[in-house]
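Colleague: I'd like to ask some things about the structure below.
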Amino acid sequence: MADTTSPKTNPASSPKSGTSSPKAASPPGAPLKHGRTYHAYKAGQYLLPNDDVSTVRGEVERNTDHLLAKEKPIKRVFEAGCGTGIWAIDFADGYPEASVVGIDLSPVQPEFVPPNLEFFVDDLESDWTFVQPFDFIYCRLLTGSILDWPKRFGQTFTHLHPGGYIELFDTLNPLVSDDGTLTEDSGLSKWNRLLVEASEKLGRPLNSYTSYTKQLADAGFVNIVDTRFKWPMNTWPKDAQDKNGVQAVSLMLFTNVLGWTADQAEVLLVDVRKDAKNRAIHRYWPIHAVYAQKPE
Ligand SMILES: C[S@@+](CC[C@H](N)C(=O)[O-])C[C@H]1O[C@@H](n2cnc3c(N)ncnc32)[C@H](O)[C@@H]1O
C-alpha cells in the first residue's frame, strides 16, 4: 500500500497492477457479471458490486467523538475500505486539523472532498508501506472483505502511533428477532445462513467480528471495548431491500462459491425479497463497535 505522505508521486503497493490515484487511473471498464459491475482493480477479490453502493445510515451511523474527545489532537487518520467515503468526508469536515486518508478497491468516492482528505484505490490486503504512523484507523463493515484478519491487525498495530486507536464497526450474522417473528424456515433466514456458509468457504467469513477482540489482543492492543447495537433491516434504504440490494449481497457468493446458477439464486431471492418487505418480521443484525488502543 502506498506511502500516502506524498500520494501523487509514490507507487501503490502493487505498482504493476494498481495505482494510488483513483480518479487518474481508474480502469476503463469495471467487470460486468449478471448485469452488475464490480471493482476492476484486483478484480474478483471483493464480493459486492460497486454500481449501487448504499451508504450506511441510521443505527449504523455513529461518530467516534467518545473516543477522540478525551484523547490528544488527532493528526493522521486512515479509513480502510472507505466505500463511498461518507465517513471519511464527515470526519475530515469535523476535524479540519487532521489529515485523513481513505482507501478502497473501487473508485466510488466523490471528486470534490474536504482539502484535508485524500482517497486512493489500493488493496488493504497488500503490505502497508505508509511511512508516517496514524493516530486513528477506522474500519466499518469490512466483514467478508478480509482473508487474514490477524495479519491486518498486526499491520494496523505497526502503523499506529503509541496510544493510537483502531475502531471496527461490523455486523454479526445471522439476522435475529427478539420476538420470534423471524423464523428459521423463512426465506430470509435460509438466505442469511447460505451467505455465511459461502463466505466461510471463500475464507472471508461474514462473522469475522466474533474473533476481533481476541485477535486484537493477540496483536498487542489494550483497552479493548466492545459495544453492541441493533441494525434493523427495516432501516435499510428501500432499494436495498428491493431487487438490487438483496441481489448485490448474494450473487457472487451464490454463483462463484456455492456453484448455483443465477436463475437458482433468483428463485430463492423471490422469498427473500418478500420477507424483506414484510414489516411484521422484526429482524435486525446485531452490530458491534470494537475499539482498541496501541499501548502508550
Ligand atoms: C460494505 S463496504 C463498506 C464501505 C464503508 N466502510 C462504509 O461503511 O460505508 C466494504 C468496502 O470495502 C472495500 N474493500 C473490500 N476489500 C478491500 C480491500 N482488500 N482493499 C480495499 N478495499 C476493500 C469494498 O470495495 C467496499 O467498498
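Colleague: Which of the residues spanning the range 254-296 are without any contact (Cβ under 8 Å) to a residue 12 or more places away in the chain and part of a loop (DSSP other than H, G, I, E, B)?
Modeller: Result: GLY259, TRP260, THR261, ASN278.
Colleague: For the subset of the range 159-174 comprising residues that are within 30 Å of LEU194 (Cα to Cα) and away from the ligand (no atom under 11 Å from the Cβ), which member is farthest from the chain's Cα centre (by Cα)?
Modeller: PRO174
Colleague: Further, regarding this structure: Name the single residue, out of those in the range 76-103 being within 11 Å of the ligand (Cβ to nearest atom) and assigned to a loop (DSSP other than H, G, I, E, B), that is surrounded by the most Cβ atoms within 10 Å (Cβ to Cβ).
Modeller: Top of the filtered list is CYS82.
Colleague: Do we have ILE146 as within 8 Å of the ligand (Cβ to nearest atom), outside any loop (DSSP other than H, G, I, E, B) and under 18 Å from the mean Cα position of the chain (by Cα) here?
Modeller: In short, no.
Each row is one residue, and each column tells you yes or no for (1) at pLDDT 90 or above; (2) more than 17 Å from ILE287 (Cα to Cα).
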| site | (1), (2) |
| --- | --- |
| LYS190 | yes, yes |
| LEU194 | yes, yes |
| LEU206 | yes, no |
| THR210 | yes, no |
| GLN215 | yes, yes |
| VAL222 | yes, yes |
| LYS230 | no, no |
| LYS238 | no, yes |
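Colleague: A further question follows. Return yes when THR156 is of a type in the set (Ser, Thr, Tyr), farther than 17 Å from ALA289 by Cα and within 15 Å of the ligand (Cβ to nearest atom) and no when it is not.
Modeller: no
Colleague: Looking only at the range 174-207, count every residue that is crowded, with 20+ Cβ neighbours inside 10 Å and assigned to a loop (DSSP other than H, G, I, E, B) and tell me the total.
Modeller: Total satisfying the criteria: 6.
Colleague: A follow-up question, please. Under 8 Å by Cβ, and 6 or more places apart or on different chains, what pairs join a residue from the range 225-239 that is hydroxyl-bearing (Ser, Thr, Tyr) with one that is modelled with pLDDT under 65?
Modeller: Matching pairs, first to second residue: THR235/ARG57; THR235/GLY58; THR235/GLU59.
Colleague: While we're looking at this one, here's another question. Which pairs turn up if I take residues in the range 85-110 that are touching a residue at least 60 places away in the same chain (Cβ under 8 Å) and look for partners that are β-branched (Val, Ile, Thr) with beta carbon separation below 6 Å, at least 6 apart in sequence or on another chain?
Modeller: What qualifies is VAL101/THR4; PRO107/VAL121.
Colleague: Looking for something farther than 20 Å from GLY220 by Cβ, at pLDDT 95 or above and away from the ligand (no atom under 16 Å from the Cβ) - is there at least one such residue anywhere in the range 104-111?
Modeller: Checking the range 104-111: not a single residue is farther than 20 Å from GLY220 by Cβ, at pLDDT 95 or above and away from the ligand (no atom under 16 Å from the Cβ).
Colleague: Just to be sure, is MET252 at pLDDT below 95 and in contact with a Lys or Arg (Cβ under 6 Å, 6 or more places away or on another chain)?
Modeller: No: the conditions fail for MET252.
Colleague: On the basis of being within 15 Å of the ligand (Cβ to nearest atom), at pLDDT 95 or above, of a type outside the set (Gly, Ala, Ser) and in contact with a strand residue (DSSP E or B) (Cβ under 6 Å, 6 or more places away or on another chain), does LEU124 make the cut?
Modeller: Working: within 15 Å of the ligand (Cβ to nearest atom): yes; at pLDDT 95 or above: yes; of a type outside the set (Gly, Ala, Ser): yes; in contact with a strand residue (DSSP E or B) (Cβ under 6 Å, 6 or more places away or on another chain): yes.
Judged against the criteria, LEU124 is a match.
Colleague: Being touching a residue at least 40 places away in the same chain (Cβ under 8 Å) and more than 17 Å from the chain's Cα centre (by Cα) is true for just one of SER211, SER177. Which residue is that?
Modeller: SER177
Colleague: Are any residues in the range 127-143 under 14 Å from the mean Cα position of the chain (by Cα) and more than 25 Å from GLU97 (Cα to Cα), and if so, which ones?
Modeller: Listed by number, the residues that qualify are LEU141, LEU142, THR143.
The values are calculated or read from the model by the stated rules, or taken from the named source; none is laboratory data. Remember, it's a predicted structure, so these values are computed and weren't measured experimentally. Because the Cβ atoms are built from the backbone with ideal geometry, glycine has one as well, and the counts that use them run over all protein chains shown.
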